[in-house]
Amino acid sequence: MARKILFLLLCALLSFSCREQVNFSSEQDTKLTADEAAIQDAFGQMVARDNLPMDSLTGYFQRLDSLDTAKPAFLALKEVCKASYYKRKASNSLAISHFNHALQTLADNDTIAALSYAGLGNIYKDMGDYTEALKNCQSALTIYEEQDRRIEVAHMYKHIGALYMSWQRF
């Protein structure tokens with residue numbers, strides 16, 4: 001009985017960990033502009049929610065171009081939102097381009113960079129490019145390990161395991 005309860009708690013914890021929380025580090029200390037708050041909201045809706053209807057996703061996407069910020073983290077969030085939109089539309093090359101643009105905006109050890117690497121890993125896995133998928137997933141895993149983000153580390157190991165299953169290397 002205790003094992004069953006522990007298993008259910010672990011499953012619940014992992015399901016809640018699937019929602020990515022972005023840490024804006026030093027940028028949290030400053031007041032957000034209206035556009036930055038809108039970018040953060042778009043991220044929360046477009047990226048963190050898997051079940052957002054396509055018309056709502058399109059509305060957030062169309063609004064992104066009118067939102068302005070000079071902060072690298074928010075510029076990267078805009079790119080991640082755009083990448084998520086294109087991934088849902090099955091436009092993998094555009095999604096890859098936006099994830100890579102987000103990575104160019106950030107330091108290599110940033111949480112949003114890890115999210116971008118994980119997104120790239122998912123796209124490459126879906127495309128059947130398992131070597132590139134593994135490389136990107138391992139980059140995300142490394143960042144999460146360096147930040148001691150245990151839930152995200154567990155989530156990345158789950159993705160890497162699924163990648164190996166798809167690749168039939170087990």
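The values are calculated or read from the model by the stated rules, or taken from the named source; none is laboratory data. None of these values were measured; they are calculated from a predicted model. Cβ: placed from backbone, ideal geometry, glycine included. Neighbour counts: every protein chain shown. For accessibility, only protein heavy atoms count, side chains too; no ligands or nucleic acids. Shrake-Rupley method; radii C 1.70, N 1.55, O 1.52, S 1.80 Å.
A few comments on the model shown:
- Carbon/sulfur fraction of accessible area - segment 49-141, other protein chains in place, 1.4 Å, %: 45
- Cross-link pairs exceeding 23 Å in C-alpha to C-alpha distance, out of Lys31/Lys89; Lys82/Lys158; Lys31/Lys87; Lys87/Lys125; Lys89/Lys125, comprise Lys31/Lys89; Lys82/Lys158; Lys31/Lys87.
- Each distinct pair of alpha carbons in segment 68-125 adds a 1/r term; the inverse of their mean, the Kirkwood radius, is 10.9 Å.
- The Cα atoms of segment 30-147 give a gyration tensor whose axes a ≥ b ≥ c have a/c of 1.5 or more with a/b no greater than b/c, which makes the shape oblate.
- Highest mean packing comes first when the peptides 58-70, 38-50, 116-128 are listed by Cβ atoms within 10 Å, giving 116-128, 38-50, 58-70.
- Between Met165 and Leu32, the modelled label-to-label distance comes to 3.5 nm, taking each label 7 Å out from Cα in the direction of the beta carbon.
- For segment 39-124, the per residue solvent-accessible surface stands at 43 Å², with DNA, RNA and ligands left out and a 1.4 Å probe.
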